[in-house]
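Notes for the one structure printed next.
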Amino acid sequence: MSFALKLLALHPSVQDILFSEIQQFCPGGAPEYTDLNKLTYALCIMYETMRLFPVIGSLNLSVSSPHDEILLRKYPIPQDTAIAIDLYCLHRNENYWGPTANEFNPSRWDARTPTPGWYSTDGKTQMPVRGAWWGFSEGPRACPGRRPHRTLLVFSYTFPLSCICD
């Protein structure tokens, strides 16, 4: 949450877009839980913040079976080997995120302006390829707290902006 607030403070143009979205979809002032589904740009800010500053630095795995394993049906992993996915580097890999991989750009996630080759699972946000972003992990072992976490993060920076008078 602190990284999102810092990034918003450093990028007034992003603040302006978020403020406009809040005014558009929350005319009564502060957003409510039912408004979350409409605040697409706020969600893009959360994804971009988690991309640049992952909650955990790496996902670690240790091969503890009594024999060697084959990863993805082609990579031999010897018994008792530890492997890790470096999320910080993965989330800044220019092969997935392009030449602006190290820049704060929440619009890259916005499916309302589709990026060729990217995919969307909800029609609101988009991702480059499966496995390029591991903010909440993926598949059956994805973070069970992703929805409450998303709600908390989005409210943490939309609520203060909604209280600002013109």
Next item on the list: Hey, could you check the range 27-50 for residues that are under 22 Å from F136 (Cα atoms) and of a type in the set (S, T, Y) and say which is surrounded by the most Cβ atoms within 10 Å (Cβ to Cβ)?
Entry: Y41
Check: Which is surrounded by fewer than 12 Cβ atoms within 10 Å (Cβ to Cβ), hydroxyl-bearing (S, T, Y) and closer than 22 Å to Q15 by Cβ, of T151, T125, T113, T121?
Finding: T113
Checklist line | First in the range 62-74 and under 17 Å from I85 (Cβ atoms), second anywhere and charged (D, E, K, R), Cβ under 9 Å, 6 or more apart | finding: S62/D80; V63/E69; V63/D80
Item checked: Filtered residue count, the range 5-16, keeping only those that are surrounded by fewer than 17 Cβ atoms within 10 Å (Cβ to Cβ) and of a type in the set (A, V, I, L, M, F, W, C) -> 3
Checklist line | the range 87-99, subset in a loop (DSSP other than H, G, I, E, B) and under 18 Å from T125 (Cα atoms), residue farthest from the chain's Cα centre (by Cα) | finding: G98
Item checked: From the options S137, S65, residue that is over 18 Å from M1 (Cα atoms), part of a loop (DSSP other than H, G, I, E, B) and under 12 Å from the mean Cα position of the chain (by Cα) -> S137
Notebook entry, point to check: Just wondering, is there one or more residues in the range 8-15 that are modelled with pLDDT under 85, over 25 Å from S137 (Cα atoms) and either acidic (D, E) or part of a helix (DSSP H, G or I) (or both)?
Noted result: no
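The values are calculated or read from the model by the stated rules, or taken from the named source; none is laboratory data. Values in this document were obtained by computation on a predicted structure and should not be read as measured data. Positions of Cβ are generated from backbone atoms using ideal geometry, with glycine treated the same way; all protein chains shown enter the neighbour counts.
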